[in-house]
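The values are calculated or read from the model by the stated rules, or taken from the named source; none is laboratory data. Just so you know, these numbers come straight off a predicted model, no measurement behind them. All Cβ positions, even for glycine, are placed from backbone atoms using ideal geometry, and neighbour counts span all protein chains on display.
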Amino acid sequence: MRFWVAVARNEGESDDRHKRTAPEDRIAYYTPRPQQSFTRIVDGNLNVQTSAAAPVQSLIESLDFIRDKHQWGVFFRRGFFQISETDFRKIEQAMALQAVV
């Protein structure tokens, strides 16, 4: 199982980024504007597992894939990238907490 971040695209826009994923993979979607939040988690088949808005600002310091905490937006410009399971679980936990509120 691998863990990914995908930057949300405009609705209706073609998205072939998922060709690299397996059905058991998990993908956390980041929505840049206006939310700047992780907004959903899907499996490799694109079935929604979690849907809640977890603001990235509250996670920046704890996410290892964001090496430069002052220029954190640069890391999302890649659009689709693999992250560690540890970082993924931090995102997943933040989203779960937002879903309860």
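For this structure, a couple of remarks:
- Residue 6 surrounded by 15 or more Cβ atoms within 10 Å (Cβ to Cβ) and not hydroxyl-bearing (Ser, Thr, Tyr): yes
- Boolean, residue 62 is farther than 15 Å from residue 3 by Cα, at pLDDT 90 or above and in contact with a Ser or Thr (Cβ under 8 Å, 6 or more places away or on another chain): no
- Identification of strands (runs of 3 or more DSSP E) wholly contained in segment 1-87 with 2 or more residues that are over 21 Å from residue 97 (Cα atoms) yields 80-83.
- When each of 76, 81 is tested for being in contact (Cβ under 8 Å) with a residue 60 or more places away in the chain, out of contact with any Pro (no Cβ under 7 Å at 6 or more places or on another chain) and under 14 Å from residue 6 (Cα atoms), the lone residue that passes is 81.
- Once segment 29-52 is narrowed to residues that are surrounded by fewer than 17 Cβ atoms within 10 Å (Cβ to Cβ) and touching a residue at least 40 places away in the same chain (Cβ under 8 Å), the residue that is nearest to residue 78 (Cα to Cα) is 32.
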